[in-house]
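First up is the structure itself, then whatever we jot down about it.
Where a number appears in this text, it was derived from the coordinates with a stated rule and is not lab data. Note that the structure is a prediction, hence the values are computed from the model and not measured. Please note: Cβ atoms are built from the backbone with ideal geometry, for glycine as well, and neighbour counts cover all protein chains shown.
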């Protein structure tokens, strides 16, 4: 199990709800949240067996910017 952290351009709860089905339905995503108060709109994802690139692609396919933070 790993925790991956990403910068996003998700701005509000409505956009979080648009991403939710994309992350919720992926095997290996255990938990996730987006800190809308952080300047980087940080997405934290607890995964089991998924890469950071996989999460980036999922969020980008939902229509949002997503880049892993170091």
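Worth pointing out:
- Treating r as the C-beta distance of residue 36 and residue 61 and R0 as 30 Å, the FRET efficiency rounds to 0.90.
- Listed candidates (i) 53; (ii) 25; (iii) 41 - label of the one calculated as percent of Cα pairs over 18 Å apart: (ii)
- Angle between the chain longest axis and helix 13-24 axis [Cα atoms, degrees, rounded to 10]: 10 degrees
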